[in-house]
Each structure stands twice: as C-alpha cells, then as structure tokens.
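Each remark here refers to the structure printed beneath this line.
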Amino acid sequence: MGLFPKNRDLSRPLEHVTIAVDASALQLPVEEVNLRLDQFLQHHLPWKSRSALQGLIRSGLVCVADGAGGAEVQAAGQVERRPGRRVRHGFVVSVDIPPEARITPVSSAGDELTILREDDHTLVVEKPPGLPVHPSGRHLADSLIQRVHGYYAAQGEKTAEEQSRPRLCHRLDRETTGIVLLGKHAEAHAELSRQFEEREVEKEYLAIVEGLPQEAAGVIDLPIGPSRTSSVRLRMAVRADGQQARTDWSLVASGGGRSLLRLHLHTGRQHQIRVHCAALGHPLVGDKLYLGGEDVFERALADALTAEDRSRLGLGRQALHHHRLTFTCPDSGERIQVVSPMPADMEALMGVHGEEGWV
C-alpha cells in the first residue's frame, strides 16, 4: 500500500492518504516496529514538519486501524488525536489532508514533456535529469508521471478514468535520463508489464565510467541485493545470496581517463548498472553513492557538496542514459524500437558531438 494509490490521477493534489505500517518498508524486524504516530507520519510525509503533523492529528484528521476486525473496520479506523500513540506492524494509518496543506503538482506545458513515440496503446517519453519518474520523498510536486497526467488533462483526455490513465511500465533513477515506456490503458499496461517480466523487452544504456576497461567487451553476471554494511539503506551490493543480475557491456569510446560504454540489461535489478560497473572497477562518472561514497551521498542529500566532491564526481549527476528500447506493440504485435540520443551533458563530458561514428 503506497502513499499514492496505483490508479490515482497524479495531476491532481493529494487529498487523502492511507499508509500501512510495514516492517519491511521501515527495514525493521516486525517486533521492533513501535513508533509514535507523528514519527511514523513524518517518515512518510516528509514535506510536513513534525509540529504540523501533530496539528493534523490533534484536529481529528488522522485515523488508525490496529489490525483487528474486518475489512470495514480496517478501512475506517478510529480517529486518533494523540501524536504519541504507538503504531505497530500491521496497523493502517489514514490522513485527510486539508486544502491549505495539499501539494499542487506543477502544470504540464507541452515543452515540459518530450514525447518520442505515441499510439493508441503506448506512450514513450524522454526523462530529463533530476526528475523522478514518480512522486516520493522530497519530490512530491513534480515528477514524470505527474507531467504525463497533467499533459493529458490539459489536452482534454479523461485521466480521471482508470481505464484511460497512462501508467508507468518501468522506472529510471532520478538522475538517469532517457526512455520511459507507459501503457495508455489498463490492458496495454498489463501486456507491457508482462513483456518486462518475461524479459522480452530489450534495454540498451549508455554510460560514462571512470577509467579504461582492459577488455573491449564483457559480461557481468553478479547477483545483487541490499548492502549489509552500508548506512545508506537504498545502497545495493554484489551478494552471493542476491538476485541474479546480468549486464552485457562493450566499449564505445574513451578519452581523458574515462570511457563510454554501451550496456544491455538482461535483468532489471535496482541500481544494476551502477553496482555492476563499480564491481568492474569502473564506477559511473557523477555517481554520488558508488563513486563518491556514503559521505558524499549524504552531503549531496543535504545540498552540501564541497568543491572537492564536485571535482571528484566530474558531473552533477550520474552519467547514465537509457538510449534504446525495443518492445512489442500490445495491439499489432509489431516489434517497435525507440532511440533517444545522448544528452548534451554526457556529450560534453566525452568531448563528442552527434551520434555518427560512436553510437
């Protein structure tokens, strides 16, 4: 149960949220989940201060269901006016967000959404750097899916209707650029999602890495799972007991102590290219976590990067671009290929201009 319901129109302000208290999401053992209500809400609603959340609770806008009773009891819960109420794994917390506290998504003008391809069933757009694909954390007012929903709302499309609302078929990291595929209705989304699950979708990335690989091409076949040693909870690592992950790579060009790689993903694990390139000994240029390290990553979150940090990173974001995507049209069965050219910041970093001769 996420903060944003799966079928919600994300071009509209968030008026109500229902959040499950889940040990796995909190990365705690079940028996250790024992949080104050205001503390739990601050974890999930980071755009509100703790004192503001306490005000919502005392105003009777928060309900808590403790896991007992049937579905109706769970859906309704009981109004809870005590910020210090303890919540445990299995509880469900609901919040009515008053108009003055709602975040209104940015409006989506045509120049804010680059459409690479569109038909009645699929939509392929280009994601710019720094834009998350879905609202979360500190980025709740502007995301790729909000721009998509807002764009269609402005065109008069019925995004409020579940069956006609474009849905993401996959995701990219916030700093990664390039191709994102969406299904324009429920049936198309289901078929495209199946293609991703069955590994029928071909995904090619371009990345600029530190150093020069000794070989011209290779295969990285290393399992990936959450890091056991990192203080950064989203950090992934190569682990013998992790999920199987395979990346094919080839060298395209090199210069200035850096290399441009073409990478084909056979699996789609979290941070797969970033972890695999780091394991190869060639982390991505600009990668604050796997090149810079945890201290640099934490300073980046706090907008406190030093001049030394910026020099070490070499680029303001990780140099990774989703360059080519091949999938099957859910309606016609036609095999479709979409290409997105390398963005200007990566071109400038390699000192190359235009595609001819290297992509």
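The values are calculated or read from the model by the stated rules, or taken from the named source; none is laboratory data. Just so you know, these numbers come straight off a predicted model, no measurement behind them. We place every Cβ from the backbone using ideal geometry, glycine too, and count neighbours over all the protein chains shown.
Between a first residue in region 335-349 that is assigned to a loop (DSSP other than H, G, I, E, B) and a second residue that is buried (at least 19 other Cβ atoms within 10 Å of the Cβ) and of a type in the set (Val, Ile, Thr), which pairs have beta carbons less than 7 Å apart while being 6 or more apart in sequence or on different chains?
Ser340/Ile179; Pro343/Thr177
Filter region 205-243 for residues that are of a type in the set (Val, Ile, Thr) and touching a Ser or Thr at 6+ places or on another chain (Cβ under 9 Å); which is nearest to Met346 (Cα to Cα)?
Ile208
Could you list, in sequence order, all residues of region 310-334 that are part of a loop (DSSP other than H, G, I, E, B), more than 21 Å from the chain's Cα centre (by Cα) and surrounded by fewer than 20 Cβ atoms within 10 Å (Cβ to Cβ)?
The answer is Gly314, Cys329, Asp331, Ser332, Gly333, Glu334.
When only residues in region 1-26 that are modelled with pLDDT of 75 or more and in a loop (DSSP other than H, G, I, E, B) count, which is surrounded by the most Cβ atoms within 10 Å (Cβ to Cβ)?
Filtering region 1-26 for residues that are modelled with pLDDT of 75 or more and in a loop (DSSP other than H, G, I, E, B), the one surrounded by the most Cβ atoms within 10 Å (Cβ to Cβ) comes out as Val21.
Which of the numbered conditions does Gly257 fail, given that it passes all the others? Conditions: (1) over 19 Å from the mean Cα position of the chain (by Cα); (2) surrounded by 19 or more Cβ atoms within 10 Å (Cβ to Cβ).
So Gly257 meets the others, but not (2).
Hey, does region 139-146 have a residue that's touching a strand residue (DSSP E or B) at 6+ places or on another chain (Cβ under 7 Å) and either at pLDDT 80 or above or not assigned by TED's automatic domain parsing to the domain that holds Arg36 (or both)?
Taking every residue of region 139-146 in turn, at least one turns out to be touching a strand residue (DSSP E or B) at 6+ places or on another chain (Cβ under 7 Å) and either at pLDDT 80 or above or not assigned by TED's automatic domain parsing to the domain that holds Arg36 (or both).
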